[in-house]
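Peer 1: Here it is, the structure, as structure tokens.
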Amino acid sequence: MGRGLPAVLLLVLWYGSPGARAEDLDGQWRLVISGHHSFLFGDHILAAGLRIPWETIIEFRIRDGAYVVGNGETHWGPEVVDYSRPANWFRCRLSTGTFLDRGLHLRETPWVRLPRFPVAGEVHGQQVTLVPGFDSAGNYLAVTYHCENREPAANNWFTYAERGRKEGGWRQDAITAEADGVRSVEVKEVRSLPPEGPLTLPLQSGPVITLGDDQAPSSASYRLERLP
């Protein structure tokens, strides 16, 4: 389902800014992780799908220099945008469907595995380590989407999509159909959501750290702030 931002890398990205004084660490803190995933059926030549934004907010409290309690919540959307490569060749939309999770429970999509979760933590000097309270499956978003194509030049779309799935390691299932010159597909796909493991970062209201951009398949921005 993809890899998250390593905790060590996150710490390196933040390193270099002046740290907060020890007496200023107490209080309520908020970490906002926001970004998007591109759910794609295709490869670098022909691709269709959706770009779906998401956001995870983690709030935690520090008292007398020690971590007290924390919790996180995740939501997706609502500004879902259809994606086409080349532009205007494909039309896609989010649709309802079902998804069988690891516990063999049937879920209706779109579905976030853990919209709310506990967050443990430890304070070491002027740094905090946040440990999301979920197992190795992590948090993820499961969606179902439908795409269509009428371009004669896209007759290799299904072949390219299978190649893209294998090369990209995407966790997706697809049902394809072709009739009267119209190629269509119904795709079930799962993408992981950060954080995918412990995060270590300085306890200071720091700059926004962004990995990827609006044109990348995925992006993530991290912003920590101390609440009034």
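The values are calculated or read from the model by the stated rules, or taken from the named source; none is laboratory data. Quick caveat: nothing in here was measured; it's all calculated off a predicted structure. Neighbour counts run over all protein chains shown; Cβ positions are idealised from the backbone, glycine included.
Peer 1: Can you report the number of residues in segment 161-172 which are in contact with an Asp or Glu (Cβ under 8 Å, 6 or more places away or on another chain) and over 15 Å from Y83 (Cβ atoms)?
Peer 2: Of the residues in that region, 3 qualify.
Peer 1: Tally up the residues in segment 187-228 that are part of a strand (DSSP E or B) and either without any contact (Cβ under 8 Å) to a residue 60 or more places away in the chain or not aliphatic (A, V, I, L, M) (or both), please.
Peer 2: So the answer is 14.
Peer 1: Further, regarding this structure: Quick one: count up the residues across segment 172-186 that are in a strand (DSSP E or B) and out of contact with any helix residue (DSSP H, G or I) (no Cβ under 9 Å at 6 or more places or on another chain).
Peer 2: The number of residues fulfilling the criteria is 7.
Peer 1: Another one. Do any residues in segment 126-138 that are free of Cβ contacts under 8 Å to residues at least 24 places away in the same chain have Cβ atoms under 7 Å from those of residues that are assigned to a loop (DSSP other than H, G, I, E, B), where the two are at least six apart or on different chains, and which pairs are they?
Peer 2: Taking only residues 6 or more apart or on different chains, the pairs are F134/L114.
Peer 1: All but one of (1) outside any strand (DSSP E or B); (2) at pLDDT 85 or above; (3) within 23 Å of the chain's Cα centre (by Cα) hold for G164, so report the exception by its number.
Peer 2: Checking G164 against (1) outside any strand (DSSP E or B); (2) at pLDDT 85 or above; (3) within 23 Å of the chain's Cα centre (by Cα), the one that fails is (2).
Peer 1: Kindly indicate whether any position in segment 163-170 is under 23 Å from F134 (Cβ atoms) and of a type in the set (K, R).
Peer 2: Among the residues of segment 163-170, not one is under 23 Å from F134 (Cβ atoms) and of a type in the set (K, R), which makes the answer no.
Peer 1: While we're on this one: Could you check G49 against (1) more than 23 Å from K188 (Cβ to Cβ); (2) touching a residue at least 60 places away in the same chain (Cβ under 8 Å) and say which number it fails?
Peer 2: (1)
Peer 1: If I ask for residues that are touching a helix residue (DSSP H, G or I) at 6+ places or on another chain (Cβ under 8 Å) and under 24 Å from T98 (Cβ atoms), which ones from segment 146-171 would you list?
Peer 2: W170
Peer 1: Quick one: in segment 11-42, of everything that is of a type in the set (A, V, I, L, M) and crowded, with 20+ Cβ neighbours inside 10 Å, which residue is modelled with the lowest pLDDT?
Peer 2: Here the answer is L25.
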